[in-house]
Each structure stands twice: as structure tokens, then as C-alpha cells.
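What follows is a short report on a single structure.
The values are calculated or read from the model by the stated rules, or taken from the named source; none is laboratory data. This one's a predicted model, so the numbers in the text were calculated from it and none came from an experiment. All Cβ positions, even for glycine, are placed from backbone atoms using ideal geometry, and neighbour counts span all protein chains on display.
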Amino acid sequence: METPALLDWATRSLSFFNTIALLWLGLAVLLNAEQRRWGTLLAGGGLVLGGLFFAGHTTVVGREFGTFDTEMEFWWRLGWIPFVSPPYIWYVIMAWYADVLHVRLHRAAIVVLGLLGILALCLIFVVSPLPSYGDLANHRATGGVDFGGVPTVVLLYPAYSVLCIGFSLAALRRPSASGRFMGDLARARARPWLVAASAVLLAVSLLVGTMAGWIVRAVQSGNLVLFSLPTVTLLKLFDVTISGLLAVAIVLVGRAIVSYEVFTGKALPRGGLLRQWRNSLILAASFGGLMGATLDMRIDPIYRLLLATLLITVLYALHSWRVYADREASMERLRPFVMSERLYDRLLTAGGEGALAEPAGVDASAPFRALCQDVLGARFAYLAALGPLAPLAGPPLAYPATSDPSPLSALLGGLVTRFTSPQTLYVAVDPTLFAGAIWAIPLWSERGLVGALLLGPKADGGLYTQEEVEIARATGERLVDIQASSEMARRLVALQRQRLAESQIVDARARRALHDDVLPRLHAALLTLGTSSSRPRIRAGSRAVTAEAPGDPIADAAEQISDAHREIANLLRAMPSTTAPRIAQVGLIGALKQAVDGELSGAFESVTWNVSSQGDGAAREMDVLPAEVLFGAAREAIRNAARHGRNGDSGRDLNLVVDVELRNGVFEIQVSDDGVGIANAANASHPRAEQNTTEGRLVSGGQGLALHTTMMAVIGGTLTAEAAAGRGTRVTLSIPMHD
């Protein structure tokens, strides 16, 4: 009996395709599952069993219908199990995936439909036993339970299948909230694929029921020669239609699995899994088509095996080439992040003319633009530094460059509280508040939270893959670190240049003063003393006196020596001094009090010291280096308050409050004044006039406090300033205390 060759080829090709695709999907779910829960095992195991079923189906369609042997009898009996189980398994998986198993309606439906499935299996194998393959081949009719001449199973199965698929669609329509990363969004994106797959499976179930009922009815009535050419051709058409619909369902389910990780439980889909799925489909289609064609050829099996080997080898070579090409493309996209920033050359190259020109820093906007545009494909993105590195990294970076990141500044402080640990992969944010961003990814380092990367939706409307988020996170951390490190190095180099220039100026001033002022006065004093000692003496009675001369030479010499002493003392005071011995003797708080009582005596109407016992103890136990840095920063804040708090109004009262406290392992010094504040003092062009906003606070960007901000970052601390017009200024210095 010869059926159309094209029909035979399509039957076998689709069977091979479904076998390979189902096995690949099932193993991908089982091997890539983040947590192998029962739902994951059921989904992956069901797909693997489906692949094994089609493997058996391939052995059946690869033979000629009507031939009888024990192997055909085995596959005939086994093949009826998927007649009942797939609709129910699909519903259980969809209910588990949508997390609606706790809903009373679905719990009842699972129990009822499970009982109906067991009843259907009993009707097929026990109550109304199926005809054997030998009975069909020999045209022997078998009895069974029916209603009005229609087999019971034919009446039961369509209703059972419709109920299973209907409840599956209900679960997909109203899923529960997902607890995994982008889970709700992934469900929304995957729902059309799963709904379409459910509809296709419903059509398959109805076709299978129709075909089974027709076969059983026809055989029982004796009106059908089962293995005649017209019947076999019709059966093969049914088989091709059902296999084709199942292939469509497999592709739809596979798209949902690899694009949104609907069954694996992964936080994010992976782009590599989608590419591998496409490659597996190419393998399944090409292998199935080739094998389906060669089975009809009367050739030696070794040639058939050789063709399959050549095909697999070629496809594997193409896969390796594609992997290598993707790797090259990825490296090309990542090149802006791995290439050197030439920080050394930038620091040694002045940004302007002269010895005091500022060194050039690192511009992170170019690699950030490459990350957002070429790697992530984001519509909007912002990179903001947080924590100790915020004062150094500067204002947030924005993509595209025309975006305004200023609305983010006031919200970053509240965002920090939502980043609970380094395991927090993301938090969702309101795009209306965060300038179009919908996801916030925390950036961490050894010092803790260092920044946040805010991402808007993808330009193509897809989801961010796991690889993309991992690359974005690592790159964001590196960019924040580069910005902070380069700014710290730039400031230190600028400070060193300034100190070198000041040292040269002080040295030249000392030489000039000694040469032009001190030495001539000492020389004049020596000459005066010499002239006084050589002047002739005149006897006047019993005592000798020097000759009369205008003025007193001894007094003149003493005055000149006194002036020289004063000049030398002024030079010594102008020389840089170290505070380490003073801090070692009286402690950090004592050194600050000496500075206020000494060089700033009379600068304030009142000075209030609020030093807690814990803060005083922590200050005494502090190492010399951080204590010296804290002393310099606090003294600079107090000096700024004294110099600029009145804004030139000598009649204005100015009061200072210094608070020292140890809170939750963090040592803090707060320097507060009730002066004019930053806004009014900005007209005086003092070091606190330049401001930028970070974490909802005003952080000094001027020469003095900017330097001490850098030094505080070096020792792991922070310097922040809060100010408002007419309400004074508060500078807070904080540093963690390590055990």
C-alpha cells in the first residue's frame, strides 16, 4: 500500500521535529531551573515525556500500517496514555505558574478534573478495553460501553479537554502577584504565547477525540477496512495535522520559556538561551526533513547514518561560528568599558596654562552612553553615586544627554532605604517621579552601597536579560569607582601642585625677608653696637662717659634686633605645621577646642560643645590618621563659619554649636552655626559658595571643603553640608568605627 510520498515525508519530519524540540525544551527547563520545585519538575518532566512519546511515534510512522509485531503492539498501547494526560498536566502547570493553586475554584477544578482523567483512563484500559493492534490489523471488532452507539470515552474526552484548557486560560487571565524579579512583567509578556499555545492544544485535543471516536466507532460497526489505502491516507492526514499543530504549540511554549523563563524560576531571561533555542529549532527542522526523506529511499542504512552525521557536524560548526561571532560582537560592545581611561596621562596633563592649572579628570559619559545605547538598548538611563563616593563622583549621568537628571537628586535618599542587601537585584520605581526610569539597580562595593543605575524601558519593548543586567551592574560599579577615584586623584594632584607652589612662594618670601629685611637690620645693629663700643670716653670726675651723640645706640640696636626677631617669628608662623603631636597629647576634641579658643578666639559670641561620653571615648580611641583628617575638616568648617557666617556684617551675632556623637557604630561631628547660610554667603565668593545636591543634602564643592571631602573619602568617611538662606549652615563629618 503506497500513500503519497509527500504525506509520508511530512509525517516523519514533523515527528522528528517534535521529538528533538520537546526533549531540548524539557532538559533546558530541568537543567536551568533556579529552584527545582514540583512545578518545575512537572513542566520539565512533561516536556521530556512528550519528546519520548514522539520518539515512539516516530517508530510507528516509520513503519508500514497494517504490519503486526510485538513492538507495534507496545507502542499502540503506550500511545493512548497521552490521549488523556496532556490537557490535565497543562492545566496544573499553568495554575502553578500563575500561582492560583491557593484559589478555591482552581483547587476544586484540579481535584475534579483529576478524577475525570482517571475515569477516562479506566474507560480506555479497563471498563471498555481498547482493541489491540492485532485486532485492528485483522479487522476484529471489540465490544465496549457506549451511549447511543457512541463510545463513552468519545463523549467524555472532549468535555474533559475543554474544561482543562478553559481553566488554564482562566489561570493565565488572572494570575497572582509574582515575587520574582520582573515576574509580573514577564507574565504579561508571556501570556499571549501561552494563551495561543492553550488554544492550539485545545484544537489538538478535539481533533484527537474526533479521530479516536471515528476509528473506534467504525471498527465496531464493521463498516471500515482500517488499513485500506483511503483510510490510511486519511489517518495520515489526521496525524500530520495534529503533529503540525503540536509543533506550533511547542514553538509558542518554547518562545515563552526562553524569552521570559516562565518555568525555570530565573530572575531574568538570558539572551543566550533564546539563541540556543533558535539553533535547536534549525537542527530539529533540518534533521527531521532529511531523515523523513531518506526513510523512503532504498539505500543502505550506513549512508543514512552518514548523512545524519554530516548534517549534525555542519550544524555544530555553524553553531560554533555563531557563538564566536556573538562573542566578538559582545567584546566590541564592551570595548569602551575595558579599554584604558588614561588616568595617569590625564592627571599629569594640566587642564590649562600655568603651574596651578587643574589636572584633567576622567569623562565617564562616553562609556555610559555606550552601555545604554549599544549593550542595554535603554530609552532612558541614569547613573547616580551614593554613599561615601557621592561627593566625589559628582552629579548623576544621564542618557540621552538631553535628559535632565536633576529631579532624581531629591529622591535618591529615599531610594537608598529600599536597597536592603547586595542580593537585591532591582527595585521598581515610578517613572513619573524618576524621569522615565522604571527599574533601579543597586551598585555595591566593599564599602557598601556606592550608587544606583536607573533604567527606563528597552527601546524594542523587550525585557532586560540576565546577562544585560549583570553587565550593567558591573559596569555601573566600575564607572562610579572611576569617577570617584579620578576625582580624588585629581584633587590630590591639584592639592600637591598647590602645596608645591605655596612652598615655593613661602620659601621665596622667607629668603627675600631674610635677605632684604632681617639681615640688613642685624647688620645695622652690629654696626651700631660696634660704633658705640669704639666711641671715645671723657672723664667727668670719678666716672667716665661717652661722647654726646644723638639718640641712644644701644636702644637703637635693641629695637632693630627686636624687629628682626619679629620677622623671623612671622616667617615661622607662616610655615606649615602638623597637628599630630597636638592630637596625640590632648585628643581630637581637645585639639579642636584649642583651635577654637586660640586662632578663632572672639570669632563667635558663644561656642557650645555637646560631646557625648560615647563620642568622647571613640575620639580618644581613634587612630592618628583619621583623627588628623577629621580635625582638619572640622577646623575648616569652623573657619568658614567664622569668616563667612556674618557675610560682612560685623554687628550680626554668630553662635557655634559642635556636636560629637557615636551612633550605630558611626562617629559623627556636626558643626552648626546660625549665620547667613549658603545662599546669601554665595555673594561673598567663599569656599562654600559652590554647591551640588547629593542624597538630598548640599555638599560643598569649593576649594577648602572639597579638599577635605576628598580626604574624608580616603579614610572611608563622608562630609556633607546642609544650608539655607538665613538659617545657618551645618557640616556633618562621619566615619564608621571598625572593631
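Could you tell me whether any residue of region 225-245 is buried (at least 17 other Cβ atoms within 10 Å of the Cβ), modelled with pLDDT under 70 and farther than 18 Å from W90 by Cα?
Checked against the condition, which is being buried (at least 17 other Cβ atoms within 10 Å of the Cβ), modelled with pLDDT under 70 and farther than 18 Å from W90 by Cα, region 225-245 yields at least one hit.
How many residues are modelled with pLDDT of 75 or more and not in a loop (DSSP other than H, G, I, E, B) when one looks only at region 141-184? Walk me through it before giving the result.
First, the residues of region 141-184 that are modelled with pLDDT of 75 or more: 158-176.
Those still in the list that are not in a loop (DSSP other than H, G, I, E, B) too: 158-173.
Total satisfying the criteria: 16.
Only residues that are more than 17 Å from S243 (Cβ to Cβ) and modelled with pLDDT under 85: list them for region 79-89, please.
Hits for region 79-89 are I81, V84, S85.
Kindly evaluate V338 against the criterion of being of a type in the set (V, I, T) and modelled with pLDDT of 80 or more. Please lay out each step first, then the result.
On the way: of a type in the set (V, I, T): yes; modelled with pLDDT of 80 or more: no.
Taking the combined requirement at face value, the residue does not satisfy it.
Name every residue in region 598-623 that is exposed (fewer than 13 other Cβ atoms within 10 Å of the Cβ) and closer than 23 Å to L705 by Cβ, in order of residue number.
Result: G598, E599, S601, T608, N610, D623.
G352: more than 30 Å from G451 (Cα to Cα), at pLDDT below 85 and crowded, with 17+ Cβ neighbours inside 10 Å, yes or no? Give the derivation first.
Working: more than 30 Å from G451 (Cα to Cα): yes; at pLDDT below 85: yes; crowded, with 17+ Cβ neighbours inside 10 Å: no.
Spelling it out, it is not the case that G352 is more than 30 Å from G451 (Cα to Cα), at pLDDT below 85 and crowded, with 17+ Cβ neighbours inside 10 Å.
With the requirement that a residue be closer than 22 Å to N18 by Cα and surrounded by fewer than 11 Cβ atoms within 10 Å (Cβ to Cβ), what does region 298-329 give you?
Listed by number, the residues that qualify are T309, T313.
If you check every pair at least six apart or on different chains, which have Cβ atoms under 8 Å apart with a residue in region 699-716 that is among the aromatic types (F, W, Y) first and a residue that is assigned to a loop (DSSP other than H, G, I, E, B) and modelled with pLDDT under 75 second?
none
I need the full set of residues from region 459-486 which are touching a strand residue (DSSP E or B) at 6+ places or on another chain (Cβ under 8 Å), modelled with pLDDT of 85 or more and over 13 Å from A390 (Cα atoms), in order please.
A472, R473, G476
Suppose the filter is under 46 Å from the mean Cα position of the chain (by Cα) and either modelled with pLDDT of 90 or more or surrounded by fewer than 18 Cβ atoms within 10 Å (Cβ to Cβ) (or both); does I250 pass it?
On the way: under 46 Å from the mean Cα position of the chain (by Cα): yes; either modelled with pLDDT of 90 or more or surrounded by fewer than 18 Cβ atoms within 10 Å (Cβ to Cβ) (or both): yes.
Answer is yes for this residue.
Test of understanding: among V92, V103, which residue is crowded, with 18+ Cβ neighbours inside 10 Å and at pLDDT 85 or above? Spell out the reasoning first.
Details: V103 fails: crowded, with 18+ Cβ neighbours inside 10 Å.
It is V92.
With the checklist (1) part of a helix (DSSP H, G or I); (2) out of contact with any strand residue (DSSP E or B) (no Cβ under 7 Å at 6 or more places or on another chain) in hand, flag the one item Q614 doesn't pass.
(2)
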